[in-house]
């Protein structure tokens with residue numbers, strides 16, 4: 001059995017029987033499974049219970065190129081000295097990208113397009129180094145010195161997890177589910193340990209891109225998503241807050257194991273493919289871009305909770321996450337209560353629509 005098979009075996013519980021009339025809660029779930037469940041429970045069932053793999057051919061090349069940048073940056077951070085200058089860090093990242101690009105087999109329309117996309121990636125590396133690269137490399141060096149970690153907190157795909165207990169009052173038991181997430185590296189910033197995740201874009205964050213406080217618009221939008229009487233359906237926005245909760249809890253757990261219990265934890269996303277920030281001079285064949293990292297801790301943190309615990313937590317988000325994981329673990333995949341929103345906003349682009357009974361039943365109707 002491969003590692004993937006083993007994970008699937010642990011993730012998908014046995015079918016309920018007369019002796020055991022409820023499905024066994026999965027032991028582990030990726031955080032994107034929770035976001036998929038928010039988007040559509042049936043979509044979650046197809047993707048994460050039945051194990052059907054959906055393919056979005058439009059997004060795959062973009063994700064593959066981000067993966068190249070993610071690897072190049074992390075390898076450069078691991079390989080440079082404790083106080084690299086911009087030039088040294090950029091050269092290390094560019095050299096690593098060159099090696100990865102030589103084996104990159106995406107089918108481009110022409111050699112001209114391939115050269116252009118290479119220039120876009122190189123410009124993104126320059127933007128990263130200019131915006132935060134040297135600062136983050138110094139923070140990694142401080143953390144390595146303090147822990148004698150020797151690069152152990154550099155990924156890519158550094159795993160984190162948050163363990164969520166699911167009480168069952170009927171059976172008098174409690175299941176625990178680990179929600180898995182990842183960051184690409186961690187660095188020290190004052191009294192905080194910061195987890196950094198490279199993502200393609202920040203478009204799905206919605207309000208989280210423009211607000212720095214939980215209180216007010218963010219809290220209202222989050223609450224409205226779960227209010228059946230409110231005209232709101234924001235699964236990506238809510239999913240990002242859930243992901244932030246999981247990452248911060250995973251970072252706290254990692255800090256405790258490393259003897260850093262006194263540190264607060266933060267979560268930062270850096271978009272590597274925001275084409276709206278990119279300008280191209282086709283005559284000179286040059287590309288310029290910029291990066292705008294976002295600290296998701298700021299709109300996530302509930303300052304009332306922080307005032308009592310001195311930890312970056314949000315009880316409202318954490319409670320809702322627990323309830324959604326409980327529903328998911330119980331096998332509640334009926335989309336009826338949000339079908340109007342799901343059918344109009346999710347179904348049109350869903351790769352599972354062709355085999356979804358709810359979608360087919362809604363589309364195929366007979367008069368009379």
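Every read-out reported here was derived from the displayed coordinates using simple, explicitly stated rules and does not represent laboratory data. Just so you know, these numbers come straight off a predicted model, no measurement behind them. In this analysis, Cβ positions are derived from the backbone assuming ideal geometry, glycine residues included, and neighbour counts consider all displayed protein chains.
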Any chance you could give the angle, 0 to 90 degrees and rounded to 10, that helix 111-128 forms with the longest Cα principal axis of the chain?
90
Evaluate the Debye formula for segment 184-311 with equal point scatterers sitting on the alpha carbons, no solvent, and hand back log10 of I(q)/I(0) at q = 0.14, 0.21, 0.22, 0.23 Å⁻¹, in q order, two decimals.
-0.71, -1.24, -1.31, -1.37
In nm, to one decimal, how far is the modelled label at residue 52 from the one at residue 145, with both set 7 Å along Cα→Cβ?
5.5
Using alpha carbons only: equivalent-ellipsoid semi-axes of segment 232-368, gyration tensor based, whole Å:
36, 29, 12
Cα long-axis angle, helix 86-102 against the chain (0 to 90 degrees, to the nearest 10):
60
Report, as a whole number in µm² per second, the diffusion coefficient that Stokes-Einstein gives for the chain at 10 °C and 1.306 mPa s using the Kirkwood radius over alpha carbon pairs.
71
Nearest 10 degrees, 0 to 90: helix 134-147 Cα axis against the chain principal axis
80
Out of 236, 279, 162, any idea which swings most in a Gaussian network model of the chain, alpha carbons joined below 10 Å?
279
Evaluate the relative contact order of the chain (contact order divided by residue number), counting alpha-carbon pairs under 8 angstrom at least 6 apart; express in whole percent.
20
Taking r as the C-beta separation of residue 112 and residue 91 and R0 as 30 Å, the FRET efficiency to the nearest 0.05 is 0.70
Rh (Kirkwood, all Cα-Cα pairs) for segment 55-131, Å, reads 13.1
Distance between modelled label sites at residue 256 and residue 281, nm, 7 Å Cα→Cβ extension
5.4
Over all directions, what mean area does the Cα convex hull of segment 290-368 project, stated in square nanometres?
9.8
Based on the Kirkwood radius over alpha-carbon pairs, what value in µm²/s does the Stokes-Einstein equation return for the translational diffusion coefficient of segment 103-211 at 4 °C and 1.567 mPa s?
73
